[in-house]
Amino acid sequence: MKGYRVAVTGLAPSVLLLGLVYHPHIDDLRDKDTVAVALTADATRWGIAHLVVGVAAALVVLAFLSVDAFLRESGEVDVSAHGVPFIVIGSVLFAFLPAMELAMLGVYGAGADVEEVLVEMNAWFRPVLLAGAAVFAVGVAFFAVAIVRTRMFGRRLTGLVVGALIVAALARFVPLGAALYVGGAALVVALLPIAAAMLTQHTRILTPKGLTPGAVSG
């Protein structure tokens with residue numbers, strides 16, 4: 001079980017970042033003409049990128065579930081657990097976005113006007129994007145508080161992990177290509193130290209419940 005937690009926590013954000021980087025670069029996702037051009041220029045790349053991002057969204061859920069289990073074993077029983085439903089729902093809504101864009105391959109294959117369909121679909125795409133980002137951000141806030149309370153890292157590393165989590169959450173609100181990369185990279189920065197802590201099992205525990213250092217089973 002420990003090996004599974006380490007693997008999914010360390011690899012999930014990297015898979016997401018890989019999918020986002022492989023996605024054809026689009027400066028502004030609101031520019032449907034540019035989006036249509038990117039899709040029609042390389043439909044295979046478009047499809048692969050969105051499949052990877054969709055699968056990565058599920059892996060990120062598993063990563064946060066692993067982090068929740070690790071935090072609870074580290075003495076933070078309640079806070080991160082409250083964030084799990086928000087992470088799950090926010091990630092599912094996020095996964096709807098690549099699913100919508102993957103469906104555009106059918107529109108393109110049928111010879112329909114891709115840009116026109118994208119414009120019409122925006123009435124659904126944008127609310128789902130914002131709702132998913134908002135719900136995910138609430139979940140991230142719970143996890144950030146839990147990480148601070150467990151004191152598993154020193155002050156600087158805690159600040160880095162929590163700050164990266166916040167950046168990853170805020171980036172989901174911004175429909176820009178650069179924001180996708182920043183958010184994906186921030187999630188890597190946030191989760192890799194936690195994966196390393198799981199691997200080494202040298203987490204320091206200091207909570208109001210009086211747990212002692214070293215009382216973690218990875």
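The values are calculated or read from the model by the stated rules, or taken from the named source; none is laboratory data. Note that the structure is predicted; figures quoted are calculated from it, not measured. Note that we place each Cβ from the backbone using ideal geometry, even for glycine, and neighbour counts take in every protein chain shown. The area values use the complete protein model at the heavy-atom level, side chains included, leaving out ligands, DNA and RNA. Shrake-Rupley method; radii C 1.70, N 1.55, O 1.52, S 1.80 Å.
Annotations
- Scanning segment 110-123 for residues that are without any contact (Cβ under 8 Å) to a residue 40 or more places away in the chain and surrounded by fewer than 18 Cβ atoms within 10 Å (Cβ to Cβ) yields Ala110, Gly111, Ala112, Asp113, Glu116, Glu120, Met121, Ala123.
- Selection status of Ala69, in contact with a Gly (Cβ under 7 Å, 6 or more places away or on another chain), of a type outside the set (Ser, Thr, Tyr), open to solvent by less than 50 Å² (accessible area, probe 1.4 Å) and within 30 Å of Met152 (Cα to Cα): no
- Total residues in segment 65-80, condition under 8 Å from Phe143 (Cα atoms) and either free of Cβ contacts under 8 Å to residues at least 24 places away in the same chain or among the basic types (Lys, Arg) (or both): 0
- Some residue of segment 23-39 being touching a residue at least 24 places away in the same chain (Cβ under 8 Å), farther than 19 Å from Ala185 by Cβ and in a loop (DSSP other than H, G, I, E, B): yes
- Among (1) in contact with a His (Cβ under 6 Å, 6 or more places away or on another chain); (2) under 30 Å from Ala196 (Cβ atoms) - the single one Gly90 does not satisfy: (1)
- Residue within segment 41-53 that is over 21 Å from Ala178 (Cα atoms) and either over 12 Å from the mean Cα position of the chain (by Cα) or open to solvent by less than 60 Å² (accessible area, probe 1.4 Å) (or both) present: yes
Yes/no matrix, rows are residues, columns are (1) at pLDDT 95 or above; (2) open to solvent by less than 40 Å² (accessible area, probe 1.4 Å):
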{"position": "Phe125", "(1), (2)": "no, yes"}
{"position": "Leu129", "(1), (2)": "yes, yes"}
{"position": "Gly132", "(1), (2)": "yes, yes"}
{"position": "Gly139", "(1), (2)": "yes, yes"}
{"position": "Arg149", "(1), (2)": "no, no"}
{"position": "Leu160", "(1), (2)": "yes, no"}
{"position": "Gly163", "(1), (2)": "yes, yes"}
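- Some residue of segment 111-132 being over 30 Å from Lys32 (Cβ atoms) and over 13 Å from the mean Cα position of the chain (by Cα): no
- Residue check for Ala179: open to solvent by 50 Å² or more (accessible area, probe 1.4 Å), without any contact (Cβ under 8 Å) to a residue 12 or more places away in the chain and in a helix (DSSP H, G or I): no
- Single residue of Gly106, Gly75, Gly19, Gly90 found to be buried (at least 16 other Cβ atoms within 10 Å of the Cβ) and at pLDDT below 95: Gly75
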